[in-house]
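Step one of this worksheet: look at the structure below.
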């Protein structure tokens, strides 16, 4: 079902929102985010969550909703022009859902953003 997206899209699955459970720096590098964008991304994350992170901070202790929010920001700040989010709404409370909806609306002007809900079909 998702194979048609593999070659063109950055695929982000909210069931496993972070690739690493280590330092934020590892995620920033994996998403190929330019170092000059790191501060902007972490500032936006802090504004949305009240939790301020730096590249050397551990991210494994974030809540599930914070991890999904961070995944979204990482994808949106990445150089990818096309992003596919899978099961994005599954683990979010209403407050975080609204934050992500607002982010996607803003960034969809610059990037092609798709969403798929596949549930237990994985």
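The values are calculated or read from the model by the stated rules, or taken from the named source; none is laboratory data. All values derive from a computational prediction rather than experimental measurement. Heads up, the Cβs are rebuilt from the backbone with ideal geometry, glycines too, and the neighbour counts pull from every protein chain shown.
If I go through region 26-39 residue by residue, how many of them are surrounded by 13 or more Cβ atoms within 10 Å (Cβ to Cβ) and out of contact with any helix residue (DSSP H, G or I) (no Cβ under 7 Å at 6 or more places or on another chain)?
Looking only at that region, the number is 3.
Any residue at all in region 23-33 that is more than 13 Å from the chain's Cα centre (by Cα), over 23 Å from residue 114 (Cβ atoms) and in a loop (DSSP other than H, G, I, E, B)?
no
Could you tell me whether any residue of region 77-95 is at pLDDT below 95, touching a strand residue (DSSP E or B) at 6+ places or on another chain (Cβ under 7 Å), at negative phi and assigned to a helix (DSSP H, G or I)?
no
So which of 116, 40, 101 ends up being closer than 22 Å to residue 3 by Cβ and either at pLDDT 95 or above or within 15 Å of the chain's Cα centre (by Cα) (or both)? Reasoning before the result, please.
Numbers: 40 fails: closer than 22 Å to residue 3 by Cβ; 101 fails: closer than 22 Å to residue 3 by Cβ.
None of the others qualify; the one that does is 116.
Would you say residue 61 is within 14 Å of the chain's Cα centre (by Cα), free of Cβ contacts under 8 Å to residues at least 24 places away in the same chain and either assigned to a loop (DSSP other than H, G, I, E, B) or surrounded by 15 or more Cβ atoms within 10 Å (Cβ to Cβ) (or both)? If you could, list the steps in order and put the result at the bottom.
Numbers: within 14 Å of the chain's Cα centre (by Cα): no; free of Cβ contacts under 8 Å to residues at least 24 places away in the same chain: yes; either assigned to a loop (DSSP other than H, G, I, E, B) or surrounded by 15 or more Cβ atoms within 10 Å (Cβ to Cβ) (or both): yes.
Considered against the rule, which asks whether it is within 14 Å of the chain's Cα centre (by Cα), free of Cβ contacts under 8 Å to residues at least 24 places away in the same chain and either assigned to a loop (DSSP other than H, G, I, E, B) or surrounded by 15 or more Cβ atoms within 10 Å (Cβ to Cβ) (or both), residue 61 comes out as no.
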